[in-house]
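To keep things clear, I will list the structure first and then write my remarks on it.
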Amino acid sequence: MTEFRDTSLLLAAARNNAEWCATMSRAHGVPGAFGPQAWTAARRTPPYYPDAVTLVPGADGAALTGRVDTSGPGATVKDSFADLDLTSDGFEVLFDAQWIHRPAGTPAGELGLAWRVAEDPAALRAWALAWDGGEGHADLFRPALLADPDTRLIAVLDQGGLVTGGAVITRAGGVTGVSNVFATGDAPAWPAVLDAAHRLFPGLPVVGYEHGGDLDVAVRHGFEPLGPLRVWLHTAS
């Protein structure tokens with residue numbers, strides 16, 4: 001059985017991430033539903049976003065996959081506790097990652113770069129274009145996100161006011177979740193993003209998840225691993 005460093009924080013991190021996935025899906029007109037074990041969407045969610053997120057360990061995998069669209073390949077399940085086996089339902093592991101945690105109120109370090117909240121469609125577009133890096137997915141972030149009171153898109157700015165990095169921060173589950181962290185140059189975005197999280201939602205621990213080199217960067221900026229998660233991809237036709 002998987003062991004976790006702090007079960008209460010892990011449950012909060014999973015809930016926070018599910019709330020952000022639900023917010024993104026609503027912005028695309030895709031409704032979802034929270035149940036005792038998971039958040040699920042019966043229709044396919046936006047690109048890069050899961051069709052289900054487990055909220056507790058030991059979720060019923062068969063019931064979970066029965067609530068998402070598996071009529072073709074492409075559906076994904078975020079197995080927040082890395083304790084499911086969905087292979088018999090036509091899924092395979094897409095990637096493994098680690099939930100991460102940073103205590104509330106800890107110093108963010110030397111900022112170096114300024115930040116601001118994207119508060120209007122023009123600022124959102126500038127943020128999305130910088131995040132996308134020319135890959136053609138900037139339209140993923142829609143203006144409806146600006147109306148959510150618990151979501152902030154943080155733009156990290158150079159001295160000329162250009163967006164050189166950023167992140168999404170989400171308040172839910174008694175924590176602040178950080179996702180979509182990016183930097184377009186050599187300067188890391190984390191110090192400014194952490195400063196924004198602590199100023200906008202003071203007193204809340206900061207959580208998220210990363211893997212590979214991005215996990216190493218997060219650890220260098222004061223995060224500690226909480227426990228594993230896994231994302232499953234439906235590949236059966």
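Here are a few things to note about the model shown:
- Directionally averaged shadow of region 64-162, computed from the convex hull of its alpha-carbon atoms, nm²: 10.0
- Extended-chain gain in nm, criterion 0.36 nm per residue less alpha-carbon gap, Phe34 and Asp85: 16.2 nm
- Relative contact order (percent, whole number), the chain, Cα cutoff 8 Å, 6+ residue spacing: 28
- As a fraction of the 1.4 Å probe accessible area of region 79-150, surface on carbon and sulfur atoms comes out at 52 percent.
- Full-stretch length increase - Glu92, Ala114 - with 0.36 nm per residue and alpha-carbon distance subtracted: 3.8 nm
- Per residue, the convex hull around the alpha carbon atoms of region 111-217 comes to 109 Å³.
- Between region 178-237 and region 1-80, the C-alpha centres lie 18 angstrom from each other.
- Between Leu129 and Ala42, residue separation times 0.36 nm minus the direct Cα-Cα distance comes to 28.4 nm.
- At the listed q of 0.26, 0.29 Å⁻¹, the Debye profile of region 134-175, built from one uniform point per Cα, gives log10 I(q)/I(0) equal to -1.03, -1.07.
- Average accessible surface area per residue within region 127-179, 1.4 Å rolling probe, Å²: 40
- Volume per residue for region 167-237 equals 135 cubic angstrom (convex hull of Cα atoms).
- In the chain, one over the average inverse separation of all distinct C-alpha pairs is 18.1 Å, which is the Kirkwood hydrodynamic radius.
- Simple spin-label estimate for Leu200 and Ala122 in nanometres, 7 Å along Cα-Cβ: 2.0
The values are calculated or read from the model by the stated rules, or taken from the named source; none is laboratory data. These numbers come from a predicted model, not from an experiment. As a convention, Cβ positions derive from the backbone with ideal geometry for all residues, glycine included, and neighbour counts pool all protein chains shown. The accessibility values were calculated without ligands, DNA or RNA, using every heavy atom of the protein model including side chains. Shrake-Rupley method; radii C 1.70, N 1.55, O 1.52, S 1.80 Å.
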